[in-house]
Structures are given as structure tokens and as C-alpha cells.
Amino acid sequence: MRIKNITTLIQSLPFGTWAIPAFNVFNMEFAQAVVGAAQDERSPVILMLGDPILSFCGVDMLIDICESVIAGATVPVCIALDHGKTEAHLIRCVEREAAIMYDGSDHEFEANMSETRRWLDIAHQHGLSLEAELGSFGAEFDDLASPESRMTTPEDCARFISAVPVDLLAVGVGNYHGKYKGEPEIDVARLREIAAAVPTTPLVLHGASGIPADTIHQCLDAGVKKVNFGYDLKFAFADALRRELGRDPMPTQPPAFLAPARDAVRQVARDRIRDVSSNGLID
Ligand code: 13P
């Protein structure tokens, strides 16, 4: 069943140390794999649509595909805009009743607050939840940025949330998108301080591909309620495609190479669902 508001979804689930897994999806195969994994594991799930894929295929095309996949689901599934920065995508996602993440991280603090306020009001007028971003982890790791400069502070979170009480807050605690260079260094102590500074706001951990399950668990314990995965699934899809297309003779019927790629994504999504302990949350 389709859910439009992540706050409502969180509140409908039993109290406990779990997070809702959110996966970037790009096409029918990803949507089927992620919803299939959620069904296998009896977990709620979020299908995240990022700006680049929406520019590639159009908001309506991808939401239509997701809605069609969700139609047969018996677990709660939310379609959500991920790192929304493009006005046209934000507007169309609101019209199509996707949950919204507004990414104002390119702006200075004050401008991020005022732009987020604008999108929070629009999202709430439509019954949709809104996630905001404080800190910097949107781009893949940039050697020029010092780790400290990418971190979110508890003080900024408290100031932001008292002015703009968003539904979910994504923070930077050593996490970033894409493949980690070496072991991820997640500052769980900082995460706890942030959670104490904004005790009623569920936190979001982006860039979770490559973060070990026990570290993810410490993050859940600290107050994270949504965990985003993208790279792990993209790698599984591409790796399976490379393997299948490398066979001799090369398969030319698309289902022959797309089915194993879809299966690979489904298996990784099942593993990540268990990593956030959302398996079995749904009867
Ligand atoms: P990864 O691709 O690093 O898992 O991050 C995904 C993400 O945070 C999407 O917002």
C-alpha cells in the first residue's frame, strides 16, 4: 500500500530500535527488486527518486512505474523525492504526492532555513512529510573539504529545528554518498549530541552503503529513523549486468540479463533491510 507521509509511517510502527530503509530506484527493475525485498522481509520501505534520474526519464514516468509496482504490495511503501533541488521536480513531486526531501545544502544557513520553510509549508499543505539537510554529504567525497567542515553541529540543528520544524533531518556525521575511501568514520557521539539537541526530530543517515551493520545499529540507537542506501544497489545491478553480458555468446534478450541484475538488487536490499532491523515490522 502507498504511504505519502513518512512521519505517519514512523508513528504507525511499533516502538523500537529500527529505521525505515530508503533505496534509490532508477527503473522498473530497481522498483520491483526493492518492493520485492520489502515483501520478502515484511518491512516498510521508501523508494527514493533523485534529481539526476528524474531529469533522465521525467518525474511522471518514474512515479508511474513505482505506483504500478506498489499496486500489488501488502507492505507500506512510500515514494520520496531525494535531494530535491530542482524547482520543477519539487513541484511535480508534490503534485504526484511523493514525500519531499528539500536539499538546501548549497545555500548558506539562513537561506537554507528560509527555503526549507517554503517547501515545508507546501509539503504540509498537501499532507506530505518534508526532510531537510544540514551539513554536507550530498556529493561524493571531496578531498578538498576537511572532514570537520562536512559535519553538522548540534547547535545548528537546534537553531534550525526551532525555526523550521521539519519532519526529518538529514545530518552529516562522517557519512557521505558513494564508495567510502577506507573504513567509514561515523561520529556516533556527535549523532547522540544532535539527537539530544533535537529530541523530537527523527534523524536520517545518508550514504549508508558501505557502513558496517554494527555501526548502523549504533546510529539507530542514537535516534536515526531513516537510512538511505543507493550505491550498494547500483553496484549490485551493474556488476550482475557486466557478468551476464560478458557471457559468450553475449545474451541479447533483455530479460536474460536484466532478471539476474534485478535479483542481485533484491538480495542486497534484503540484506540492508535486516541491517536496519525493519524486517518483520509488518504482519
Ligand atoms: P549511498 O549511495 O552512498 O548509499 O547514499 C544514498 C543516499 O544517501 C541517497 O540520498
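With a point put 7 Å past each Cα toward its Cβ, work out how far Asp283 is from Ala259 in nm, to one decimal.
3.5
Give the Debye-formula value of log10 I(q)/I(0) at each listed q (0.09, 0.13, 0.18 Å⁻¹), with one equal scatterer per alpha carbon of the stretch 1-129, two decimals each.
So the normalised log intensities are -0.25, -0.52, -0.96.
Run the numbers for Ala111 and Arg243: contour at 0.36 nm per residue of separation, minus the present Cα-Cα distance, in nm.
So the extension gain works out to 42.9 nm.
Do any GluC sites (Glu not before Pro) in the stretch 179-283 lie in a DSSP loop with no more than 13 other beta carbon atoms within 10 Å, and if so, which?
Sites meeting the loop and neighbour criteria: Glu185.
In the structure displayed, which of Lys4/Lys179; Lys85/Lys181; Lys85/Lys234 lie more than 25 Å apart, Cα to Cα?
Beyond 25 Å: Lys4/Lys179; Lys85/Lys181.
Assigning unit charges at the beta carbon (Lys, Arg +1; Asp, Glu -1) and nothing else, what dipole magnitude in debye, to the nearest 20, does the chain show about its Cα centre?
Charge dipole, the chain, about its Cα centre: 680 debye, nearest 20.
Could you identify which residue out of Arg192, Arg96, Arg242 has the top mean-square fluctuation in a GNM of the chain using Cα springs shorter than 10 Å?
Of Arg192, Arg96, Arg242, the Gaussian network model singles out Arg242 as fluctuating most.
Quick check: the distance between the Cα centres of the stretch 79-98 and the stretch 223-277, to the nearest angstrom?
Cα centroid of the stretch 79-98 versus Cα centroid of the stretch 223-277: 25 Å apart.
What does the accessible area per residue of the stretch 1-64 come to in Å², with a 1.4 Å probe and no ligands, DNA or RNA counted?
Per-residue accessible area for the stretch 1-64 comes out at 37 Å².
Can you show me the helix-derived [θ] at 222 nm for the chain, built from DSSP H runs with n ≥ 4 at -39,500 (n - 2.57) apiece and divided by the number of residues, rounded to the nearest 500.
Result for the chain: -14500 deg cm²/dmol, rounded to the nearest 500.
Using 0.36 nm times the number of residues separating Asp60 and Arg42, minus their current alpha carbon distance, what extension gain do you get?
Additional length available on full extension: 3.7 nm.
I'd like to compare 201-207, 268-274: which one has the highest average count of other Cβ atoms within 10 Å, and what's the full order after that?
The most tightly packed comes first, giving 201-207, 268-274.
Please sort 118-125, 30-37 by packing, taking for each peptide the average over its residues of neighbouring beta carbons within 10 angstrom, highest first.
Per-residue Cβ counts within 10 Å, averaged per peptide and sorted highest first, yield 30-37, 118-125.
Taking the Cα centre of the stretch 55-104 as the origin, how large is its charge dipole in debye, to the nearest 20, when only Lys and Arg (+1) and Asp and Glu (-1) carry charge on their Cβ atoms?
60
In whole Å, largest first, what are the principal axis extents of the Cα atoms in the chain?
Over the chain, Cα extents along the principal axes are 60, 42, 37 Å.
Which residue, Cys157, His107, Phe229, has the largest displacement toward the positive end of the dipole of the stretch 76-231 when charges sit on each Cβ (Lys, Arg +1; Asp, Glu -1)?
Working it through, the farthest residue towards the positive pole turns out to be Phe229.
If I model a spin label at His124 and Glu193 as a point 7 Å from the Cα along the Cα→Cβ vector, what separation in nanometres do I get?
2.9
Looking at Ala98, Asn175, Leu130, which one has the Cα that reaches farthest to the positive end of the dipole of the chain (charges on Cβ: Lys, Arg +1; Asp, Glu -1)?
Result: Ala98, furthest along the dipole toward the positive end.
The values are calculated or read from the model by the stated rules, or taken from the named source; none is laboratory data. The structure presented is a predicted model; accordingly, all values stated were derived computationally and were not measured. Methodologically, a virtual Cβ is constructed for each residue, glycine included, from the backbone with ideal geometry; neighbour enumeration extends over all protein chains shown. What goes into the accessible areas is simple: the full protein's heavy atoms, side chains included, and nothing from ligands, DNA or RNA. Shrake-Rupley method; radii C 1.70, N 1.55, O 1.52, S 1.80 Å.
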